[in-house]
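Report on one structure; see the data block that follows.
The values are calculated or read from the model by the stated rules, or taken from the named source; none is laboratory data. Owing to the predicted nature of the structure, the values given are computational and were not obtained by experimental measurement. Note that each Cβ is placed from the backbone with ideal geometry, even for glycine, and that neighbours are counted across all protein chains shown.
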Amino acid sequence: MRIVVGKLTFGVLSFYMALQNLHIRSNEYEVYLGSLQGRYSAEAMEGVRSTSMMGCHMISIVHLEGIGDHGLIGLVGLLNVEVACNYCRVAAHDFLNLLPPLLLSEGNLNAFYDIYQALDGYASNEAVAKYAYIYGRLVQEGIAMPSVGEIAGSESDAAFTRALTSGSDFYYRAMAVYRLGLGGAREEEVLCNTIVDPDASVDTEAETLLLGYAAFGFPEKIYPEYMALYSDGVVISTGVSMKLAAFLNECGENKYEYYPQGLRIAARAFTRTTAPVSKEEMKLLFPRDYKTFVEAACTEFNLPQEALYALIRSESFFDAEIVSSAGAIGLSQLMPDTAADIARKLKMPEFDLRDAETNVRFGAFYLEELNRRLDGAWLPAFFAYNAGITRVRRWIKDSRLSFNSKTALPNDILLEILPFDETRGYGRKLVGAGAMYSWLYDDKPVSESVKEFMQ
């Protein structure tokens with residue numbers, strides 16, 4: 001589909017009409033809009049109401065009947081910085097995130113090709129990589145047909161190649177590496193790829209100040225100052241950011257609060273780098289904090305270290321003091337009731353989830369138990385850690401019915417049709433991080449790690 005700027009206004013209207021054709025019930029939409037009050041400014045809410053774009057959040061309660069070419073043009077327009085307001089762009093990105101499970105559950109499989117082709121260059125690399133990878137897998141499995149005149153193998157490889165450029169999303173990058181069978185120097189090039197801005201105006205005075213804090217032993221001043229500078233738009237070079245992250249990581253061995261601070265600085269720096277990033281520097285984005293506790297727990301429960309590191313990184317960013325809004329506590333984010341059940345099984349009458357060693361041990365026990373109860377399947381075990389094993393078993397059963405299959409769907413396709421967006425994202429984070437940990441510290445090819453996680 002060719003995107004013509006002159007058609008954007010008509011396209012936006014078509015997209016709006018497509019949303020209306022989804023039969024979103026007006027009272028439910030009003031309830032939804034009411035729930036946004038207080039979370040967004042009055043200006044944002046007016047943008048929401050005037051465009052009706054946030055109505056796409058209600059898509060999960062209806063049957064998708066298709067957007068059409070003009071609707072895609074409109075969606076592209078809403079993603080275009082030059083012609084759309086920020087609230088429309090945010091809503092359009094949210095819509096793109098919600099759409100894949102609906103397309104899959106409704107059998108609208110070839111739409112993935114149209115969407116990823118149309119949005120390339122407009123939507124984020126993360127969004128385009130997602131649609132490209134899903135399309136490639138559907139063609140590879142023979143579930144979807146290749147585009148007109150194309151051969152399935154070359155078509156899926158082309159889609160996977162596009163998914164290699166996935167922005168900050170390591171899941172689709174790792175999955176594409178696996179599907180394409182990349183290794184060696186090409187694998188490293190892909191995995192260390194970042195958005196480099198060599199012409200960024202670095203503030204050398206700010207860098208001198210931050211490095212001075214490290215040199216004179218004031219780690220407590222580094223993170224607050226760094227984040228204040230970041231919020232003001234001050235650019236700190238990737239090299240300096242990595243030195244600060246490494247320093248705080250070392251300080252974390254004596255005071256745990258510095259572990260997440262170092263990781264957060266590394267994560268900020270990696271969103272847009274001022275120079276290419278090395279494999280060694282990537283370790284600061286995937287640190288092995290609490291190494292003694294992790295090694296002991298993995299040995300006790302026969303758990304691969306990369307799985308537990310990935311879980312802790314994704315759950316808490318190595319913050320031992322964090323408590324979620326739902327009440328989950330500590331490094332492995334365990335609910336008190338779940339922890340009490342684990343303690344009973346481990347014959348521990350007393351425990352403290354805020355104790356890092358205890359929390360890591362309990363998380364390792366629980367993950368291993370879920371993996372064992374799900375026949376050694378890692379990705380479903382990750383889903384179960386987030387959403388509960390009963391739900392996961394039901395989802396697996398329902399997925400077979402949706403695709404009229406007597407056997408279980410491949411786990412990467414199962415992930416894309418889960419009804420919980422949080423669980424889909426959770427599975428992606430753990431597989432991507434687990435593969436990176438194995439590659440960074442054990443020199444294990446990503447393809448091998450992904451294959452193990454997906455079995």
Positions within region 268-294 being in contact (Cβ under 8 Å) with a residue 40 or more places away in the chain and of a type in the set (Gly, Ala, Ser), in sequence order: Ala275, Ser278
Residue under evaluation Asp169, criteria (1) under 21 Å from the mean Cα position of the chain (by Cα); (2) farther than 21 Å from Val431 by Cβ; (3) surrounded by 16 or more Cβ atoms within 10 Å (Cβ to Cβ), criterion not met: (2)
Ser332 being in the same structural domain as Ala384 (by TED's automatic domain parsing), more than 30 Å from Val235 (Cα to Cα) and either modelled with pLDDT under 95 or basic (Lys, Arg) (or both): no
Qualifying residue in region 313-329 (condition: surrounded by fewer than 21 Cβ atoms within 10 Å (Cβ to Cβ) and in a helix (DSSP H, G or I)): no
Residues of region 264-301 classified as surrounded by fewer than 18 Cβ atoms within 10 Å (Cβ to Cβ), part of a helix (DSSP H, G or I) and within 22 Å of the chain's Cα centre (by Cα), total: 4
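Within the group Thr204, Thr271, Thr208, Thr292, which residue is among the β-branched types (Val, Ile, Thr) and at pLDDT below 95? Before you say what the answer is, go through the steps one by one.
Details: Thr204 fails: at pLDDT below 95; Thr208 fails: at pLDDT below 95; Thr292 fails: at pLDDT below 95.
Matching residue, one of Thr204, Thr271, Thr208, Thr292: Thr271.
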Complete set of residues in region 228-265 that are free of Cβ contacts under 8 Å to residues at least 60 places away in the same chain, over 19 Å from Thr194 (Cβ atoms) and hydroxyl-bearing (Ser, Thr, Tyr): Ser231, Tyr258
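Could you list all residues from region 92-135 that are assigned to a loop (DSSP other than H, G, I, E, B) and modelled with pLDDT of 80 or more?
Initial filter on region 92-135 (assigned to a loop (DSSP other than H, G, I, E, B)): 106-110, 120-124.
Answer for region 92-135, where residues must be assigned to a loop (DSSP other than H, G, I, E, B) and modelled with pLDDT of 80 or more: Gly107, Asn108, Leu109, Asn110, Asp120, Gly121, Ala123, Ser124.
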Residue in region 249-263 that is in contact with a strand residue (DSSP E or B) (Cβ under 9 Å, 6 or more places away or on another chain) and surrounded by fewer than 20 Cβ atoms within 10 Å (Cβ to Cβ) present: no
